[in-house]
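The values are calculated or read from the model by the stated rules, or taken from the named source; none is laboratory data. Please read all numbers here as calculations on a predicted model, not as lab measurements. Every residue, glycine as well, gets a Cβ built from its backbone with ideal geometry; the counts of neighbours run over all protein chains shown.
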Amino acid sequence: MSKLKIAVVGLGKMGLSHFAMVNAHPDVEAIACDGAGFMVDVLSKNISAPIYKDYDEMLAQTVLDAVIIATPSRLHAPMVEAALNKGLHVFCEKPFCLDWVDSERLTALAAEKGLVAQVGYHYRYVGAFAEMQRLIAAGAIGRITHVLAEAYGPVVLRPKRTTWRTDKSEGGGCLYDYAAHPLNLLNWFFGTPDQVIGSHLGQVFSESTDDEVFSTLRWNDGPTAQLSVNWSDESHRKMSAKINLIGTNGRLFADRQECQAFLRKPVEGLEGYGPGWTVKYTTELTEDRWFYLRGEEYSAQLDEFILAVRDGKTAATQNGFASATETDKTMRMIIDNAETGQPVGEARAAAPQAAKKRSWFGR
């Protein structure tokens, strides 16, 4: 079988990482594209793979099977559309699009053309979060009443010149770059929220975009969640995302390292989870991958994409365009709520509780 020809577009931090991984994959012949002439010149002197400076020129001159898009967020929509119209499978770094209308349109286009369409929300491939999703689906902690989703890390630690990541029109700020990860996990667990209230997009050091995000999300047939995110937190060496859930039968906690479960009563069908605390580590929860570079979650998502392209399984990826569109919609709800101060969406009124009878002494 001939190798798949895949182009990695955008050779920044994530692009270089993806380029290294697909270059190591035995089923792939990789090329690259980047608009920065310096990066192209440096890499061209050290690697044999062709590197283009112009995306449209590369699409016109090269026979490809797929593209991996790791450019600034503003460029995602037009680049994804151009690739889909060429009949190419697409892996796009998160966030998908800065405008959810583009996300929805491109999701439909990819489906219409029968193409593999995946977005790089790698936390779905972290064993601890996947286990949390499994436990939620199994009803492990009963009716979930309390959700706290957090992400902290050291991205903007002082006033500095604007980069594409801190320019709201280019990258979307802390909301799109950091908060997108825990939000995507909440979408995975519960779907798109019915209402968003109490949102705050605050500046710590940046002048033109948000450095911190707070919001309350409500699901009519699910819980209410608090979102707390800050990318100006030097106490963390790198990004740290975590989810806390409390329900009528216990609680769950997950981060990159482990999944903790406390159950009041055991749940039928959940082997290995008895009453009290059970802790399982990502190392034991992660399926071994034959292909490994950088980290299990990064290797797993790219391997899944490559194998789906190779085998023609367009529905094989768990973080496709449709699920990423849910996250883009949720972020737009937060923006609208923060800007207007008015609730966005509609929450169904809770059924009134029967009034308790009181004695003359108020007991």
| note | Note on the stretch 206-230: residues under 25 Å from I144 (Cβ atoms), of a type outside the set (G, A, S) and in contact with a strand residue (DSSP E or B) (Cβ under 7 Å, 6 or more places away or on another chain) are V213, F214, T216, L217, R218, P223, T224, Q226, L227, V229, N230
| task | Output the residue which, of all residues in the stretch 199-236 that are assigned to a loop (DSSP other than H, G, I, E, B) and hydrophobic (A, V, I, L, M, F, W, C), is nearest to the chain's Cα centre (by Cα). | result | W231
| query | Looking at the stretch 110-121, which of its residues are surrounded by fewer than 21 Cβ atoms within 10 Å (Cβ to Cβ) and either assigned to a helix (DSSP H, G or I) or of a type in the set (F, W, Y) (or both)? | reply | A111, E112, K113
| message | Tell me whether the stretch 287-305 contains one or more residues that are surrounded by 17 or more Cβ atoms within 10 Å (Cβ to Cβ) and touching a Leu at 6+ places or on another chain (Cβ under 6 Å). | response | yes
| said: Being at pLDDT below 95, outside the structural domain of E104 (by TED's automatic domain parsing), touching a Gly at 6+ places or on another chain (Cβ under 7 Å) and not in a strand (DSSP E or B) is the requirement here; does Q353 meet it? | reply: no
| request: Would you mind finding the one in A338, A300, A324 that is over 22 Å from V101 (Cα atoms), outside the structural domain of D99 (by TED's automatic domain parsing) and at pLDDT 85 or above? | output: A300
| message | Take G272 and tell me if it is touching a residue at least 24 places away in the same chain (Cβ under 8 Å) and either of a type outside the set (S, T, Y) or not in a loop (DSSP other than H, G, I, E, B) (or both). | response | no
| said: Would you confirm, using the coordinates I've provided, whether Y125 is modelled with pLDDT under 95 and closer than 15 Å to Q318 by Cα? | reply: yes
| said: Checking G250 against (1) over 14 Å from E131 (Cβ atoms); (2) in contact with a helix residue (DSSP H, G or I) (Cβ under 8 Å, 6 or more places away or on another chain): exactly one of these is not met. Which one? | reply: (2)
| note | Log entry, pairs with first residue in the stretch 65-84 being assigned by TED's automatic domain parsing to the domain that holds A30 and without any contact (Cβ under 8 Å) to a residue 12 or more places away in the chain, second being part of a helix (DSSP H, G or I) and among the aliphatic types (A, V, I, L, M), beta carbons closer than 6 Å, six or more apart or on different chains, reads none
| task | Write out, first by first residue and then by second, each pair whose Cβ atoms fall under 8 Å of each other, whose residues are 6+ apart or on separate chains, and whose first residue, in the stretch 128-141, is not assigned by TED's automatic domain parsing to the domain that holds G191 and assigned to a loop (DSSP other than H, G, I, E, B) while the second is surrounded by fewer than 23 Cβ atoms within 10 Å (Cβ to Cβ) and modelled with pLDDT of 95 or more. | result | none
| request: Would you mind telling me which numbered condition in (1) at pLDDT 95 or above; (2) closer than 22 Å to G139 by Cβ F214 fails? | output: (2)
